[in-house]
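Here the structure is laid out as structure tokens; the discussion comes afterwards.
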Amino acid sequence: MKFSFTILFFFLFSDNILSSDHVTLNQIKSTINLDQDIPDLKQGREFKKTLSSLISVSWKNRQLRDGIQSLSRHYGISIILDRRVNPNQLLNLNIKDTSLINVLKKTGETCRASLSILPGAIYIGPENVSSSLRSLIFVKQVQIEESKNAAFSTRKISIQWNDLNQPRKIFENVAREFQITISNLDPIPHDLWTSGSLSGVSFSEIASIILIQYDLTYKWNQKNNITLVPVFYPVSISKSYKITRKQLKKIVPVFQQDSNFPKIDIQNRIVSFKGFIEQHEKFDNRLIGKKLKNPVNDNKPISLDRRQFTLKLKAGSAIILINLLRKNGIPIEYDEDAFESASIDLNEKIEVDLKKASINELLDSFCKPLNIEYKIRDNIIYLVPIRG
């Protein structure tokens, strides 16, 4: 059977990352390669879209390391497992049709760990550490940008290390790549790490990811020299916002009533609070009118009625289309015996040509010719034969 098709999926979501978290001007990309090639890892919108993909996992007595590495390879994303989380522990998970990010969150919970969602990577580690990681990166990036001697403030590198690589050696390579000298390496003990990789990261990102696993950070000395020092939790950021009377009346009370949000100080329409960078992003986005529908942080996957599909399928079949949709995170269920009893052949040739179609238009295009009806419940598509 010969066929050709092109399929594109468009997801609607809002960005929820402060521009100061990533620098794009005059980037100089380079690579540190420890023993093997750097994989092609997703970043930016592709990274966020991948985290929203619907997946299913069934792990029975599977090592955490194997499960994490499998997800990382299959979906092309960076997942960093903190050294304090036992990579050899066995997991038993059976999760069906949920977003990749929620699978990772559930994995973390099972291991008594939590996630930090970075611009291009997922970090899994102790809760007090993961909650502070992005704030620490933000603080260190600001310090670099404010330094008159830091010519590498906009530089990005990629790095991969293998199982049993030493973190001290990894950090030495990173510092050398950025032409930074280190006054003291003794605080990083001899250790052997599980493999990992990062793509397009700044010095503040890679240094913080490595050092925080030993409860360390760094302080700047003269020129491009650093000293390793302890990090104190929680790492929080103080910031003030000038707001309007309407914002004071409509927005601020929402955060004041949130028991999980920091205490807000108000003086002459200047709002101040000390919190994690994620909390500042949430507050700032509300001020500028964003509705915070970022799928990375949602507990539910993107609704099917918010997706658009461009599809051209010639001399294909319904089963090819169904499998392709499943592969791209669209859950479809049907009873094979019921279709056989109704003499419906999903291998029958069909042709579909759609541009920016809704999910209903997509389903109608191949269900109606085959005498199939569909129902959508809880973001899952159910196909059943039409009874004569």
- Do we find a residue being farther than 20 Å from residue 43 by Cα, crowded, with 18+ Cβ neighbours inside 10 Å and not hydroxyl-bearing (Ser, Thr, Tyr) anywhere in the stretch 196-205? no
- Please note which strands (runs of 3 or more DSSP E) are completely contained in the stretch 56-135 and include at least 2 residues that are assigned by TED's automatic domain parsing to the domain that holds residue 214, among the polar types (S, T, N, Q) and within 25 Å of residue 189 (Cα to Cα). 114-117
- Name the pairs whose Cβ atoms lie under 6 Å apart, with the first residue in the stretch 211-225 and closer than 16 Å to residue 134 by Cα and assigned by TED's automatic domain parsing to the domain that holds residue 180, the second modelled with pLDDT of 95 or more and of a type in the set (Ser, Thr, Tyr), and 6 or more positions between them or separate chains? 211/217
- Those residues of the stretch 137-196 which are farther than 16 Å from residue 227 by Cα, assigned to a loop (DSSP other than H, G, I, E, B) and of a type outside the set (S, T, N, Q), in sequence order: 148, 151, 152, 155, 163, 164, 190, 191, 192
- Query: Among the residues of the stretch 109-119, is there at least one that is crowded, with 18+ Cβ neighbours inside 10 Å, in contact with a Leu (Cβ under 8 Å, 6 or more places away or on another chain) and not hydrophobic (A, V, I, L, M, F, W, C)?
  - Reply: yes
- Before we move on, is residue 259 more than 30 Å from residue 53 (Cα to Cα), under 28 Å from the mean Cα position of the chain (by Cα) and without any contact (Cβ under 8 Å) to a residue 12 or more places away in the chain? yes
- Within the group 188, 266, which residue is among the aliphatic types (A, V, I, L, M) and either assigned by TED's automatic domain parsing to the domain that holds residue 75 or buried (at least 18 other Cβ atoms within 10 Å of the Cβ) (or both)? 188
- Heads up, the helices (runs of 4 or more DSSP H) in the stretch 298-385 (entirely inside) with at least 3 residues that are modelled with pLDDT of 85 or more and among the hydrophobic types (A, V, I, L, M, F, W, C) are 359-367
- Query: Out of all the residues in the stretch 104-118, is one or more of a type in the set (Gly, Ala, Ser), touching a Ser or Thr at 6+ places or on another chain (Cβ under 7 Å) and in contact (Cβ under 8 Å) with a residue 60 or more places away in the chain?
  - Reply: no
- Item | Hits in the stretch 342-364 - residues which are of a type in the set (Ser, Thr, Tyr) and either free of Cβ contacts under 8 Å to residues at least 24 places away in the same chain or outside the structural domain of residue 310 (by TED's automatic domain parsing) (or both) | 343
- Item | Single residue of the stretch 209-240 satisfying the filter (touching a Lys or Arg at 6+ places or on another chain (Cβ under 6 Å) and surrounded by 17 or more Cβ atoms within 10 Å (Cβ to Cβ)) that is farthest from residue 77 (Cα to Cα) | 236
- Residue that is modelled with pLDDT of 90 or more and either of a type outside the set (Phe, Trp, Tyr) or at positive phi (or both), where the choices are 142, 85: 85
- Note on the structure: The residue that is surrounded by the most Cβ atoms within 10 Å (Cβ to Cβ), considering only those in the stretch 145-170 that are aliphatic (A, V, I, L, M) and modelled with pLDDT under 80, is 150
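The values are calculated or read from the model by the stated rules, or taken from the named source; none is laboratory data. Only a predicted model underlies this, so the values are computations on that prediction, with no experimental measurement involved. For neighbour counting, all protein chains shown are included, and Cβ atoms are generated from backbone atoms with ideal geometry for every residue, glycine included.
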